[in-house]
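Working notes, structure below.
The values are calculated or read from the model by the stated rules, or taken from the named source; none is laboratory data. All values derive from a computational prediction rather than experimental measurement. A quick note on method: Cβ atoms are made from the backbone with ideal geometry, for glycine too, and the neighbour counts reach across all protein chains shown. The area values use the complete protein model at the heavy-atom level, side chains included, leaving out ligands, DNA and RNA. Shrake-Rupley method; radii C 1.70, N 1.55, O 1.52, S 1.80 Å.
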Amino acid sequence: MITGTDLVKRGMAEMQKGGVIMDVVNAEQAKIAEEAGAVAVMALERVPSDIRAAGGVARMADPRIIEAVMGAVTIPVMAKGRIGHIVEARILEAMGVDYIDESEVLTPADEEFHLNKRDYTVPFVCGCRDLGEAARRIGEGASMLRTKGEPGTGNIVEAVRHIRKVNAQVRKVVAMNEDELMTEAKLLGAPYEILLEIKRLGHLPVVNFAAGGVATPADAALMMQLGADGVFVGSGIFKSENPAKFARAIVEATTHFQDYKLIAELSKDLGTPMKGIEISSLAPEARMQDRGW
Amino acid sequence: MIRIGVLALQGAVREHMRSLEACGVEAVAIKRKEELNEVDGLILPGGESTAMRRLIDKYDFMDALKDFARVGKPMFGTCAGLILLAKELEGYSEPHIGVMDIKVERNSFGRQVDSFEADLAIKDVADSFPAVFIRAPHIVEAGENVEILSKHNDRIVAAREGQFLGCSFHPELTDNHRLTAYFVDMVKEAKAKHLV
């Protein structure tokens, strides 16, 4: 009997497919999320839009918040640690968190090195903007991917760019001859073995969720249609007027992403969605997606 | 041609379909209850049982699933699917579909860091079967008509009661399709009986 194998860590993310993972900041929100049909919750001190507004250094959440969320729900609980912060990750693992997000939403602890995620029993999810970044994270041991998008903006444009880019590059690798893969690995900055695995499988070896800007049920369905395996919703739900209703609508739109009549129905009377930020108005240092490499 | 459905509300649907196809039968993703009429057997996949249950209720699947069981068509629940099949759930007053005479405890091996792989002996299936347990449930009690197929550390992790097959682990995550093939045989037998 062995724990922490690739099958066990990647398999956990496979079980989340077709589902919605919701950011929560306390036990009460976690219960609303579970009740609405979330497949997991992400325990945070602040949702990304509040992190953006607050400025300063964003760190791992207070363990008490994470504990409270873990005690409140039976679905898996994820938590974010800073990029390259070995000790935050070890603390979260020691607490029994089910998945760690090595996240650019928090201020990076290391601008050069991401975590060596193979060292851990707990599985990791990481953000990516293209296949090179995705393959590097898998190479380091990430068991799940998500688009980076631009967190806390309520603007889907970056997440769309990232999922299209990754999937187009995957299609290219799958169609290539094997003798062309080393050059492609060099050009992408991707581990050769990971590209070989993608070519053999015909798809990424781990699931890839949408994240970073999903603000409406239609946004969630759009990302599913573009090939995401599921959806992370950060600021969108608990910044909306009726979180429970909004959360249920996102879950249903994700399940039935091609049922447009249904999505029309469940998009009615959701109240004002989060205001949203035009990406070009962000100062370069405010772009979270450029954190990590 | 045998057609087997995979309940496709959430979870590891694609893997089960791949496994069914490897066993030489047609796999159908079931998103609407009407589609249940078109299949001879049904797999309830791994995923999050609470999320699946909400979608089952939302789309009015529950009666259709119970009817599916009532007419004698085989059902196979893996992990979350096992929880959906059980007549009794530890710590809960109500079951979900509640058709298989077993009592199941959720997340009974611990959190994700405790998830594991183990080789199992499964009666009539394999002497050594690679089983992947992810935040897995286990069968605490089994009724007298339930045949216990496998145990891990004295806990029941696979069982069959007539048309129902359930396991704690994820046979769909590996390339060993023998448990799926066992279920396919159950479906073939059930279909043959209804034809004569």
With the structure loaded, tell me whether B:V6 is within 16 Å of the chain's Cα centre (by Cα) and either open to solvent by less than 20 Å² (accessible area, probe 1.4 Å) or away from chain A (no Cβ under 13 Å) (or both) or whether it fails that test.
yes
Kindly indicate whether any position in the stretch A:112-131 is more than 14 Å from chain B (Cβ to nearest Cβ), basic (K, R) and part of a loop (DSSP other than H, G, I, E, B).
yes
Is it true that B:L89 is within 13 Å of another protein chain (Cβ to nearest Cβ), at pLDDT 95 or above and more than 15 Å from the chain's Cα centre (by Cα)?
yes
Given the structure, is A:I75 within 8 Å of another protein chain (Cβ to nearest Cβ) and of a type outside the set (S, T, Y)?
yes
Does B:L84 fit the bill of being of a type in the set (A, V, I, L, M), outside any loop (DSSP other than H, G, I, E, B), farther than 30 Å from A:M95 by Cβ and more than 10 Å from chain A (Cβ to nearest Cβ)?
no
Give the residue that is nearest to the other protein chains (Cβ to nearest Cβ), with candidates limited to residues of the stretch B:138-179 that are surrounded by 17 or more Cβ atoms within 10 Å (Cβ to Cβ) and among the β-branched types (V, I, T).
B:T174
Any idea which residue in the stretch A:193-203 is nearest to A:D130 (Cα to Cα), counting only those that are open to solvent by 10 Å² or more (accessible area, probe 1.4 Å) and in contact with a helix residue (DSSP H, G or I) (Cβ under 6 Å, 6 or more places away or on another chain)?
A:I194
Being over 20 Å from the mean Cα position of the chain (by Cα), open to solvent by 50 Å² or more (accessible area, probe 1.4 Å), more than 29 Å from A:K17 (Cβ to Cβ) and not β-branched (V, I, T) is the filter here; which residues of the stretch A:28-62 pass it?
A:A53, A:A54, A:G56, A:D62
Filter the stretch A:61-111 down to the residues that are within 23 Å of A:T147 (Cβ to Cβ) and acidic (D, E) and list them by number.
A:E88, A:D98, A:D101, A:E102, A:E104, A:D110, A:E111
Give the stretch A:244-293 a look and list any residue that's among the β-branched types (V, I, T) and in contact with a strand residue (DSSP E or B) (Cβ under 7 Å, 6 or more places away or on another chain), or say none.
A:I250, A:V251, A:T254
What pairs come up if the first residue lies in the stretch B:100-122 and is in a loop (DSSP other than H, G, I, E, B), the second is surrounded by fewer than 18 Cβ atoms within 10 Å (Cβ to Cβ), and their beta carbons are under 6 Å apart, counting only those six or more places apart or on different chains?
B:R111/A:G96
How many residues does the stretch B:29-43 hold that are more than 13 Å from chain A (Cβ to nearest Cβ) and surrounded by 19 or more Cβ atoms within 10 Å (Cβ to Cβ)?
5
Would a scan of the stretch B:59-76 turn up a residue that is more than 10 Å from chain A (Cβ to nearest Cβ), out of contact with any helix residue (DSSP H, G or I) (no Cβ under 7 Å at 6 or more places or on another chain) and under 15 Å from A:H256 (Cβ atoms)?
no
Which of the numbered conditions does B:M1 fail, given that it passes all the others? Conditions: (1) within 24 Å of B:I156 (Cα to Cα); (2) open to solvent by 40 Å² or more (accessible area, probe 1.4 Å); (3) of a type in the set (A, V, I, L, M, F, W, C).
(1)
Residues located in the stretch A:81-111, provided they are of a type in the set (D, E, K, R), in contact with an Asp or Glu (Cβ under 9 Å, 6 or more places away or on another chain) and within 14 Å of chain B (Cβ to nearest Cβ)
none
Go through (1) surrounded by 21 or more Cβ atoms within 10 Å (Cβ to Cβ); (2) not in a loop (DSSP other than H, G, I, E, B) one by one and return the number of the condition B:R135 breaks.
(2)
If I ask for residues that are among the polar types (S, T, N, Q) and closer than 23 Å to B:M17 by Cβ, which ones from the stretch B:51-102 would you list?
B:T78
Looking only at the stretch A:234-250, filter to residues that are within 14 Å of another protein chain (Cβ to nearest Cβ) and open to solvent by less than 10 Å² (accessible area, probe 1.4 Å); which one of those is nearest to A:K165 (Cα to Cα)?
A:I250
Filter the stretch B:106-132 for residues that are over 13 Å from B:P171 (Cα atoms), open to solvent by 10 Å² or more (accessible area, probe 1.4 Å) and either within 12 Å of chain A (Cβ to nearest Cβ) or modelled with pLDDT under 95 (or both) and give the result.
B:R106, B:N107, B:S108, B:F109, B:G110, B:R111, B:V113, B:D114
